[in-house]
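J.: Sending over a structure as structure tokens; questions will come in a sec.
The values are calculated or read from the model by the stated rules, or taken from the named source; none is laboratory data. Please read all numbers here as calculations on a predicted model, not as lab measurements. Here the Cβ is made from the backbone with ideal geometry for all residues, glycine too, and neighbour counts use every protein chain on show. Accessible surface is based on the protein model in full, side chains and every heavy atom, while ligands, DNA and RNA are left aside. Shrake-Rupley method; radii C 1.70, N 1.55, O 1.52, S 1.80 Å.
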Amino acid sequence: MKDFGYERVHDVSGAVALLGADPDARYLGGGTNLVDLMKTGVERPTRLVDVRELPLDSVESTEDGGLRIGATVTNSDLAAHPEVRRRYPALAQAVLAGASGQLRNMATVGGNLLQRTRCGYFTDVTKPCNKREPGSGCPAVEGEHHNHAILGATEHCVATHPSDMGVALAAFDAVIGYETAEGPGELPLADFYLPVGDTPHLETALPSGALITGVTLPPAPVAAASRYRKVRERASYAFAIGSIAAALDVRDGVVREVRLAYGAVASRPWRAHAAERALTGGPASAEAFAAAADAELAAASPLPRNGYKVTLLRNLTVAVLTELTEEAAR
Ligand SMILES: Cc1cc2nc3c(=O)[nH]c(=O)nc-3n(C[C@H](O)[C@H](O)[C@H](O)COP(=O)(O)OP(=O)(O)OC[C@H]3O[C@@H](n4cnc5c(N)ncnc54)[C@H](O)[C@@H]3O)c2cc1C
Ligand code: SF4
């Protein structure tokens, strides 16, 4: 590992100033992803700016009935927060589905959003990878890609975003707040992650050196009836091979409102707008749920060894929406 400096900051402006003065420095949250990448040589920062003592560690209700979540709230505290569990249960479930108890005690909301892909070529510095080394190629297209993207990918990169938390945030229209030397800014999650295109190394629309300060969830009464379901290759301590965050308001057998987002299928949490449109105002039936998933997944371009994800996502959609419909009827 290359030598690096370390600084602990106590105020937001001080943190932003340090990154402004040294573009090769990195913010350090829980370090559960960044430090691993430093050990393998994927990341080689000159300095770590530890943000964990910034006053960004609270979850608060907003005046309009939403929630504001600080960037340094740990994954454990987020999942345990009573208002998150009551008003956005799929978010608490998604966070709890990730990593392990020890990791969730360290990992922060800001770091979770910016964790990097688990594509094996990206983390192996002896291999080419367009994301790590632009222009070097994407061996995953012809090689190991059973857990790679089926939606929104290009021949330049087929990696998935690994976050479970981000999938629930996508379903609930989260807005990411950040601070730069020029002042604060906001990005809806839908605009936060950039399309892959031919620049997979450019992952987010965050300005250079920006510090994520928090995430705001707008009020969403539908979110109280929500669920996160994750499929993985072993029962714990594994990333998703497919996941869904779903919320459903169904009355008299008719879908009044629905939110759907998929995980482990694209370079970002995938909001399933086509499926939502297909369902809204129609019957809450297994046939309709399957047809809605088909409408969304019509855009899928699976690789030779990850076509199973299309069936997996279709089945997850039907199963989770059926469960939510049955619960609404009780
Ligand atoms: C074995 C293992 C299993 C895992 N399984 C899962 C899983 O199943 N599901 C899942 O979702 N995740 C999983 N994770 C990933 C884990 O959730 C992330 O590592 C974690 O959320 C990252 O948070 P962190 O605070 O530790 O980030 P760090 O490692 O500290 O930082 C990650 C990135 O974010 C940047 N950063 C951190 N905070 C800020 C900020 N406030 N503003 C701007 N930039 C910032 C850092 O500079 C760095 O680039 C797993 C991790 C491990 C090691
Ligand atoms: S899928 Fe993306 S991260 Fe993986 S090797 Fe290809 S370019 Fe790199």
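J.: Which residue is nearest to ligand 2 (Cβ to nearest atom), if the candidates are limited to region 155-178 and must be more than 12 Å from Arg271 (Cβ to Cβ) and either open to solvent by 50 Å² or more (accessible area, probe 1.4 Å) or at pLDDT below 95 (or both)?
T.: Looking at residues that are more than 12 Å from Arg271 (Cβ to Cβ) and either open to solvent by 50 Å² or more (accessible area, probe 1.4 Å) or at pLDDT below 95 (or both), I get His156.
J.: Kindly provide the set of residues from region 228-263 that are touching a Phe, Trp or Tyr at 6+ places or on another chain (Cβ under 7 Å) and assigned to a loop (DSSP other than H, G, I, E, B), ordered by number.
T.: Within region 228-263, none qualify.
For (1) within 9 Å of ligand 1 (Cβ to nearest atom); (2) charged (D, E, K, R), each residue gets a yes or a no:
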{"site": "Ser58", "(1), (2)": "no, no"}
{"site": "Glu63", "(1), (2)": "no, yes"}
{"site": "Thr74", "(1), (2)": "yes, no"}
{"site": "Arg86", "(1), (2)": "no, yes"}
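J.: So how many residues does region 272-299 have that are open to solvent by 40 Å² or more (accessible area, probe 1.4 Å) and touching a residue at least 40 places away in the same chain (Cβ under 8 Å)?
T.: Qualifying residue count, region 272-299: 1.
J.: Residues being open to solvent by less than 10 Å² (accessible area, probe 1.4 Å), in a helix (DSSP H, G or I) and touching a Phe, Trp or Tyr at 6+ places or on another chain (Cβ under 8 Å): count how many of those fall in region 81-93.
T.: Filtering region 81-93 down to residues open to solvent by less than 10 Å² (accessible area, probe 1.4 Å) leaves 84, 88, 90-92.
Then drop every residue that is not in a helix (DSSP H, G or I), which leaves 84, 90-92.
After this cut, where a residue has to be touching a Phe, Trp or Tyr at 6+ places or on another chain (Cβ under 8 Å) as well, the list is 90-91.
Residues in region 81-93 being open to solvent by less than 10 Å² (accessible area, probe 1.4 Å), in a helix (DSSP H, G or I) and touching a Phe, Trp or Tyr at 6+ places or on another chain (Cβ under 8 Å): 2 in total.
A quick yes/no check of all residues on (1) within 12 Å of the chain's Cα centre (by Cα); (2) not hydrophobic (A, V, I, L, M, F, W, C):
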residue: His146; (1), (2): no, yes
residue: Glu155; (1), (2): no, yes
residue: Ser163; (1), (2): yes, yes
residue: Val167; (1), (2): yes, no
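J.: Something else about it: Report every pair of residues separated by at least 6 positions or lying on different chains whose Cβ atoms are under 6 Å apart, first residue within region 105-120 and within 19 Å of Val49 (Cα to Cα) and at pLDDT 95 or above, second within 7 Å of ligand 1 (Cβ to nearest atom) and part of a helix (DSSP H, G or I).
T.: Ala107/Asn75; Asn112/Met165
Condition check ((1) open to solvent by less than 30 Å² (accessible area, probe 1.4 Å); (2) over 26 Å from Pro184 (Cβ atoms); (3) touching a residue at least 60 places away in the same chain (Cβ under 8 Å)) across all residues:
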residue: Glu7; (1), (2), (3): no, no, no
residue: Gly20; (1), (2), (3): no, no, yes
residue: Gly31; (1), (2), (3): yes, no, yes
residue: Lys39; (1), (2), (3): no, yes, no
residue: Leu48; (1), (2), (3): yes, no, no
residue: Leu56; (1), (2), (3): yes, no, yes
residue: Asp64; (1), (2), (3): no, no, yes
residue: Ile69; (1), (2), (3): yes, no, yes
residue: Val95; (1), (2), (3): yes, no, yes
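J.: Which residue out of Leu78, Leu151, Leu113 is within 16 Å of ligand 2 (Cβ to nearest atom) and crowded, with 20+ Cβ neighbours inside 10 Å?
T.: Exactly one residue qualifies, and that residue is Leu151.
J.: Hey, among the residues in region 183-212 that are more than 25 Å from Ala266 (Cα to Cα) and touching a residue at least 24 places away in the same chain (Cβ under 8 Å), which one's surrounded by the fewest Cβ atoms within 10 Å (Cβ to Cβ)?
T.: My answer is Pro184.
J.: Test each condition in (1) modelled with pLDDT of 95 or more; (2) out of contact with any helix residue (DSSP H, G or I) (no Cβ under 8 Å at 6 or more places or on another chain); (3) not aliphatic (A, V, I, L, M) for Asp249 and report the one that comes out false.
T.: All conditions pass for Asp249, except number (2).
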